[in-house]
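Reading through the structure tokens given below for one structure.
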Amino acid sequence: MPLAPEYFTGAEFRALPDMGESKYDDDRVSAVAEYVVAGIERVVGSSFVGRAQSVTRIVGSVSALVLPHAHVVSLTEVTCDGVAQDLAAMVFDGGVVRFRDGRCFGGTVVVSYQSGYSATPPADIKEAALQATRARLIETASNALLNDRRQSMSMAEGGSVTFVQPGGDRPFGFPSVDAVIIGWRDRLNVFGFA
């Protein structure tokens with residue numbers, strides 16, 4: 001099962017309450033898991049696993065390039081006007097790649113690299129991804145008992161229940177999931193990176 005294998009496995013997901021094989025098919029679970037992971041990474045501003053990235057710049061002459069992604073893990077390839085550069089002659093630190101032995105004199109510079117916070121997601125992000133995927137599946141199922149646009153519900157006994165809606169500092173509308181995601185967003189504080 002494809003799911004979001006970088007964040008959690010199919011077996012881990014299927015072990016959650018009410019998430020057995022027969023309830024939701026693998027394609028639907030995978031689509032929701034991708035949606036959740038993309039949402040987490042968008043809000044936090046970083047992936048929690050290494051992702052292949054590439055940036056192309058047309059330059060006059062350059063000795064350093066600022067990469068648009070935070071948490072650069074490794075350089076894969078650097079070309080200057082189509083000529084592969086020796087990666088040993090490159091220095092990267094804090095999202096900046098420097099030509100150690102000089103500069104690229106005009107043309108197109110292409111930098112391919114891996115970026116991400118870590119090789120595997122921290123335990124709390126993994127759990128948040130699992131729980132958000134489960135909650136989204138239940139909430140958007142065709143047989144869901146409650147409309148996913150609800151804000152409150154009146155009870156027969158005279159009370160009412162208010163539901164948390166996504167928005168602002170509530171990306172998924174599930175307090176325990178949102179607290180983890182917003183905590184990481186604030187901790188990494190990668191503003192200025194795409």
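The values are calculated or read from the model by the stated rules, or taken from the named source; none is laboratory data. Quick caveat: nothing in here was measured; it's all calculated off a predicted structure. Note that we place each Cβ from the backbone using ideal geometry, even for glycine, and neighbour counts take in every protein chain shown.
List of remarks:
- Only residues that are modelled with pLDDT of 85 or more and out of contact with any Leu (no Cβ under 8 Å at 6 or more places or on another chain) were counted across the range 83-97, and they come to 5.
Conditions tested, residue by residue: (1) surrounded by 18 or more Cβ atoms within 10 Å (Cβ to Cβ); (2) at pLDDT below 90; (3) assigned to a loop (DSSP other than H, G, I, E, B); (4) not acidic (Asp, Glu).
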{"residue": "4", "(1), (2), (3), (4)": "yes, yes, yes, yes"}
{"residue": "22", "(1), (2), (3), (4)": "no, yes, yes, yes"}
{"residue": "34", "(1), (2), (3), (4)": "no, no, no, no"}
{"residue": "53", "(1), (2), (3), (4)": "yes, no, no, yes"}
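- Filter result for residue 110 (more than 30 Å from residue 174 (Cβ to Cβ), out of contact with any Leu (no Cβ under 7 Å at 6 or more places or on another chain) and surrounded by fewer than 19 Cβ atoms within 10 Å (Cβ to Cβ)): yes
- Condition check for residue 133: closer than 26 Å to residue 43 by Cβ, of a type outside the set (A, V, I, L, M) and in contact (Cβ under 8 Å) with a residue 40 or more places away in the chain: yes
- Checking each residue in the range 36-50 for being under 19 Å from residue 120 (Cβ atoms), of a type in the set (A, V, I, L, M, F, W, C) and in a helix (DSSP H, G or I) picks out 36, 37, 38, 40, 44.
- Selection status of residue 128, within 30 Å of residue 172 (Cβ to Cβ) and part of a loop (DSSP other than H, G, I, E, B): no
- Of the residues making up the range 64-83, none is in contact (Cβ under 8 Å) with a residue 60 or more places away in the chain, out of contact with any His (no Cβ under 9 Å at 6 or more places or on another chain) and not in a loop (DSSP other than H, G, I, E, B).
- Scanning the range 77-86 for residues being of a type outside the set (D, E, K, R) and either outside the structural domain of residue 61 (by TED's automatic domain parsing) or surrounded by 13 or more Cβ atoms within 10 Å (Cβ to Cβ) (or both) gives a total of 4.
- Flag for residue 156 being modelled with pLDDT of 80 or more, in a loop (DSSP other than H, G, I, E, B) and either exposed (fewer than 13 other Cβ atoms within 10 Å of the Cβ) or touching a strand residue (DSSP E or B) at 6+ places or on another chain (Cβ under 6 Å) (or both): no
- Residue 60, sole failed condition from (1) modelled with pLDDT of 90 or more; (2) farther than 30 Å from residue 176 by Cβ: (1)
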